Amino acid sequence: MSDQKHIIAPSILASDFARLGDEVRNVLDAGADWVHFDVMDNHYVPNLTIGPMVCKALRDFGIKEFIDVHLMIDPVDELAQSFIEAGADLVSFHPEASKHIHRSIHAIKDKGCKAGLVFNPATSLSPLESVLDDIDLVLIMSVNPGFGGQSFINSSLDKITHVRKMIDESGKDIRLEVDGGINKETIGLASKAGADTFVAGSAIFNTENYEQTISELRSKIV
Ligand code: DX5
Ligand code: ZN
């Protein structure tokens with residue numbers, strides 16, 4: 001889906017929301033590839049963030065780069081459509097938040113948007129067996145969703161290795177993304193396990209020099 005071997009996707013959850021447009025522009029100009037857009041509903045996760053209007057505002061502000069929307073919401077379908085209308089390039093959701101996973105995926109893809117499935121540290125990968133051919137991205141959470149700044153959970157590495165094998169055996173063009181606690185120490189472990197797309201929030205936005213941080217992160221990818 002993207003020719004680029006490795007992708008760095010800063011999570012705007014850790015950015016300064018009062019200056020969101022500038023933050024997104026700056027982090028992209030500093031070498032980031034995608035914008036990771038975390039959507040929380042105070043129902044699926046115990047936190048509340050931003051909705052489709054903010055995604056559209058970024059498009060209106062002039063952001064043309066890839067917007068990777070991570071829905072941590074239940075239910076999924078209606079807001080997924082609103083995000084597509086607001087300019088999302090990819091919408092991923094947690095399978096346990098949808099009653100009909102295959103239908104939710106195709107409702108996204110029918111609109112010309114890419115679709116991803118997200119797995120929490122303790123969520124079974126079993127839905128993947130039926131829908132791997134239908135999706136563009138698998139996202140493995142390496143923290144429990146809901147907050148930025150948490151510590152990387154090491155057992156997610158086995159999950160990444162397992163999904164890497166599934167993707168390689170399928171021969172499909174599916175990205176393998178990791179999200180949560182990614183920093184200069186953990187990005188190497190995740191890439192070694194097989195991840196090719198890396199979300200990082202606090203490790204980027206809590207530093208002064210985004211360009212330097214992103215190039216340091218990139219240099220640790222194996
Ligand atoms: C967690 C979100 C993550 C989070 C990552 O629920 O999905 O994208 O913001 O933040 P860091 O990189 O700080 O763990
Ligand atoms: Zn996320």
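Say R0 is 25 Å: what FRET efficiency, to the nearest 0.05, do residue 26 and residue 85 get from their beta-carbon distance?
It comes out at approximately 0.40.
What longest region of the chain stays clear of trypsin sites (Lys or Arg not before Pro) that DSSP places outside H, G, I, E and B and that have at most 11 other Cβ atoms within 10 Å?
My reading of the result: 100-222 is the longest stretch.
Obtain the nm distance between the two label points defined at residue 144 and residue 60 by a simple spin-label model: each point lies 7 Å from its Cα along the Cα-to-C-beta direction.
It works out to 3.7 nm between the two label points.
For region 4-26, list residues with backbone N below 19 Å from a point placed 7 Å from the Cα of residue 53 toward its Cβ?
13, 17-22
So if R0 is 41 Å, what FRET efficiency would residue 16 and residue 130 give, r being the distance between their Cβ atoms, rounded to the nearest 0.05?
The computed FRET efficiency comes out at 0.50.
Find how many whole Å separate the alpha carbon centroid of region 165-222 from the alpha carbon centroid of region 19-95.
First find each Cα centre; the distance between them is then 19 Å.
Using a 1.4 Å probe on the protein heavy atoms, what percent of the accessible area of region 7-220 belongs to carbon and sulfur?
Carbon-and-sulfur percentage of accessible area, whole number: 49.
As a test of reading the structure, rank 60, 77 by solvent-accessible area (1.4 Å probe, protein chains only), most first.
Largest accessible area first, the list is 60, 77.
Put a dot 7 Å past each Cα toward the Cβ at residue 202 and residue 122; how far apart are the dots in nm?
Rounded to a tenth, the inter-label distance reads 2.1 nm.
Within region 152-192, report the GluC sites (Glu not before Pro) that DSSP leaves as loop and that have at most 12 other Cβ atoms within 10 Å.
Sites meeting the loop and neighbour criteria: 185.
Whole number in Å², please: accessible area per residue of the chain, 1.4 Å probe, ligands, DNA and RNA not counted.
The answer is 44 Å² per residue.
Looking at region 20-117, which GluC sites (Glu not before Pro) are DSSP coil and have at most 11 other C-beta atoms within 10 Å of their C-beta?
none
Computed over the Cα atoms of the chain, what is the ratio Rg over Rh, Rh following Kirkwood?
We get a ratio of 0.93 for the chain.
Calculate how many DSSP beta bridges within the chain are antiparallel, expressed in % of all such bridges and rounded to the nearest 5.
Antiparallel bridges: around 5 percent, rounded to the nearest 5.
Report Rg/Rh for region 103-194, rounded to two decimals, where Rg is the Cα radius of gyration and Rh the Kirkwood radius.
0.97
Take the residue pairs 56/159; 99/184; 159/220; 56/192 and return only those whose Cα atoms are more than 32 Å apart.
Too far apart for the 32 Å limit: 56/159; 99/184; 56/192.
With every protein chain left in place, what is the accessible area of residue 102 in Å² (1.4 Å probe, nearest 10)?
That residue has around 100 Å² of solvent-accessible surface.
Work from the charge dipole of the chain (Cβ charges, +1 for Lys and Arg, -1 for Asp and Glu, about the Cα centre) and give the residue of 130, 112, 204 farthest towards its positive end.
Positive-end residue among those listed: 130.
Among 58, 189, 88, whose Cα projects farthest towards the positive end of the dipole of region 7-220, with charges put on the beta-carbon of Lys, Arg (+1) and Asp, Glu (-1)?
Of 58, 189, 88, it is 189.
The values are calculated or read from the model by the stated rules, or taken from the named source; none is laboratory data. Note that the coordinates shown come from a computational prediction; the quantities given were computed from them, not determined experimentally. Positions of Cβ are generated from backbone atoms using ideal geometry, with glycine treated the same way; all protein chains shown enter the neighbour counts. Accessible surface areas use protein heavy atoms only, side chains included; no ligands, DNA or RNA. Shrake-Rupley method; radii C 1.70, N 1.55, O 1.52, S 1.80 Å.
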